[in-house]
Amino acid sequence: MPHRPARLRNAFLLAAAGLAAASRLTAADIQKDNNLDALNLGTSWVGGVAPSGTDTAVFDSLYNNGTGTSINYGAEETFLGLRFGAMSGTPGSELRLGVDNFQLNLGAGGIDASASNMNITLGGGAANTLNVTANQTWTVNGGRRLRLGGTPTATAAFGVLTGSSDITLAQSGVGTATFDFAFNSTSAFTGNW
């Protein structure tokens with residue numbers, strides 16, 4: 001029969017391990033570091049850990065668009081959401097994510113570009129896919145543009161939109177927000193706009 005203190009210590013260790021695992025399961029904002037490393041790499045993010053399906057990927061004042069404006073996914077990515085704030089560098093320029101041929105799975109956090117000072121393009125690789133995994137809202141700041149699929153100049157359509165969840169489009173701020181969709185195919189998307 002095990003000694004009572006050993007049982008107590010083992011129970012404590014198991015509880016501590018469970019709490020550590022549970023703490024990583026909670027949603028977190030993971031801030032993009034000021035580099036061009038692919039988004040699947042820990043080196044791309046403050047703290048050295050890439051966002052997961054329970055996290056929001058945040059692009060804000062730490063990221064300077066003078067570092068570059070095109071960042072690859074690097075592999076299939078799953079984020080709870082994307083949030084774009086006031087990035088440092090040149091306001092009004094373009095930030096382009098996912099120019100390689102991978103899929104982005106986007107959860108209930110949707111896309112929040114309500115405070116963005118830059119135009120955003122997601123996708124651009126010919127086989128790039130945006131998979132909407134939950135009902136979500138996409139909000140764009142007035143005077144800014146959110147382009148999904150295609151190139152920043154809309155000269156070509158790329159990628160596929162998939163999923164069965166609903167998307168609500170919204171605007172914040174003054175001016176006109178622009179939503180551009182340039183997918184090769186949306187036939188696999190059965191949700192509502």
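Determine, from the Cβ-Cβ distance of Ala108 and Asn35 and an R0 of 30 Å, the FRET efficiency 1/(1 + (r/R0)^6), rounded to the nearest 0.05.
On the way: r = 28 Å, r/R0 = 0.94.
Between Ala108 and Asn35 the formula returns 0.60.
Restricting to Cα pairs below 8 Å that are 6+ residues apart, what does the relative contact order work out to for the stretch 24-67? Please round to a whole percent. Spell out each step's value before the answer.
Details: 68 pairs, mean separation 20.1, N = 44.
Once divided by the residue count of the stretch 24-67, the mean separation gives 46 percent.
Taking 7 Å steps out from each Cα toward its Cβ at Val46 and Ser172 produces label points 1.7 nm apart.
Only the coordinates and a few stated rules stand behind these numbers; no lab work does. Just so it is clear, the structure is predicted and the values come from calculations on it, not from any experiment. All Cβ positions, even for glycine, are placed from backbone atoms using ideal geometry, and neighbour counts span all protein chains on display.
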